[in-house]
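Structure, as structure tokens:
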Amino acid sequence: MQHKLISLVTKTAKQSKDQAFSAIQPSRYLKGLNKQQVGRGKTVLITGASSGLGEGMARLFAKLGYNLAICARRSERLEQLKAELLKSYPDIRVEYRVLDVSDYKAIFTVFDAFATDFGHINRVVVNAGVGESRRIGKGRFETNRRTAEINFVSALAQCEAAMTIFRAQNSGHLVVISSMSAMRGLPAHMTTYGASKAGLAYLAEGIRADMLLTNLPIKVSTIFPGYIRTEINTNAKPLPFQVDAETGTKAMVAAIESGAEQACVPSLPWSIVGQAMKHLPLAMVNKIS
Ligand SMILES: NC(=O)c1ccc[n+]([C@@H]2O[C@H](COP(=O)([O-])OP(=O)(O)OC[C@H]3O[C@@H](n4cnc5c(N)ncnc54)[C@H](OP(=O)(O)O)[C@@H]3O)[C@@H](O)[C@H]2O)c1
């Protein structure tokens with residue numbers, strides 16, 4: 001038992017060399033991958049692909065040669081994205097399906113249908129999310145419950161559906177989009193949102209731990225984006241260290257392609273800010289939320 005534990009600790013330490021702070025230069029890194037067309041013949045499934053980061057990641061993965069399985073509720077946006085991607089990259093295959101991730105059963109149906117369409121799913125990006133949480137104790141339980149359900153329970157259902165496919169294939173890459181707000185408990189409108197994203201990060205880490213324990217060749221990556229301007233924060237005042245969606249999605253796709261187990265994106269300044277957030281007094285953490 002003790003021997004097993006020591007060997008497990010050694011193996012984990014080797015495999016989880018801290019990739020969160022690896023200094024990838026996204027544009028340069030992606031240029032190299034684009035040349036190699038690393039995605040050719042492979043398929044990425046992305047939820048929440050109708051806007052913002054999901055849409056941006058779909059464009060970048062298409063450029064890398066990946067086939068795309070995209071879903072969200074707004075079908076007209078998905079139809080438009082499909083047309084745009086096929087025009088720019090006629091050699092790839094793009095399929096879309098309407099999916100409301102609050103319908104847990106539908107998640108399994110849609111993921112399985114994509115798996116049947118493409119025959120193999122190489123990567124699933126659990127990205128659909130909402131950012132509408134409100135201060136606790138102010139009568140906004142329904143809004144907070146919905147945020148917690150979409151960002152955590154629906155994400156759990158997406159992880160379950162993805163891992164079922166990956167286990168059957170004996171391969172795959174599960175990617176969850178958490179948030180820098182998962183690093184510490186945050187005040188006001190960020191409380192439930194941050195807690196849901198912390199739950200998601202722990203869920204992904206647990207699945208990663210399970211893959212180590214059972215020796216299955218399935219990768220699990222947790223991405224912690226900082227502030228990236230999209231529809232989720234349209235009405236927010238200027239946010240600390242904010243970047244535009246193009247810069248943000250480049251950093252995300254580079255981190256995902258690198259196979260990092262955990263990555264704060266863009267890595268500068270967020271990998272440093274993340275460490276600070278974990279150790280600073282709560283009153284100071286409040287200042288960057
Ligand atoms: N932008 C940031 O600063 C930031 C930072 C950290 C983490 N994140 C995370 O990144 C992810 C993407 O966010 P974003 O910034 O790209 O925001 P966004 O532009 O608002 O995109 C959110 C996506 O999620 C989908 N979605 C929301 N509710 C859904 C539902 N019930 N069923 C299916 N799809 C649903 C939306 O599609 P439909 O409305 O068409 O269904 C949309 O495609 C989220 O998980 C968010 O929490 C964002």
Item to check | Cross-link partners of Lys42 among aspartates and glutamates (Cα-Cα below 14 Å; sequence separation of 8 or more within a chain) | outcome: Asp91, Glu95, Asp117, Glu257
Next on the checklist: Placing +1 on the Cβ of each Lys and Arg and -1 on the Cβ of each Asp and Glu in the chain, which of Leu78, Ser178, Met163 has its Cα farthest towards the positive end of the resulting dipole?
Outcome noted: Ser178
Checklist outcome for this item: Cα-Cα longer than 19 Å, checked against Lys197/Lys237; Lys250/Lys287; Lys105/Lys197; Lys31/Lys219; Lys31/Lys63; Lys237/Lys287, kept in input order, equals Lys197/Lys237; Lys250/Lys287; Lys105/Lys197; Lys31/Lys219
Item to check | In range of the label at Val98: residues from segment 53-78 whose backbone nitrogen is under 18 Å from the point 7 Å along Cα→Cβ | outcome: 70-78
Next on the checklist: About the Cα centre, and with charges only on the beta carbon of Lys, Arg (+1) and Asp, Glu (-1), how big is the dipole of segment 36-286? Nearest 20 debye, please.
Outcome noted: 460 debye
Checklist entry - Does the chain come out rounded, prolate or oblate by the C-alpha gyration tensor, with a ≥ b ≥ c the root eigenvalues, rounded set by a/c under 1.5 and, if not, prolate when a/b is larger than b/c and oblate if not? => result rounded
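Any read-out appearing in this document is the output of simple, stated calculations on the displayed coordinates, not a laboratory observation. Keep in mind it's a predicted model, so treat the numbers as computed, not measured. Methodologically, a virtual Cβ is constructed for each residue, glycine included, from the backbone with ideal geometry; neighbour enumeration extends over all protein chains shown.
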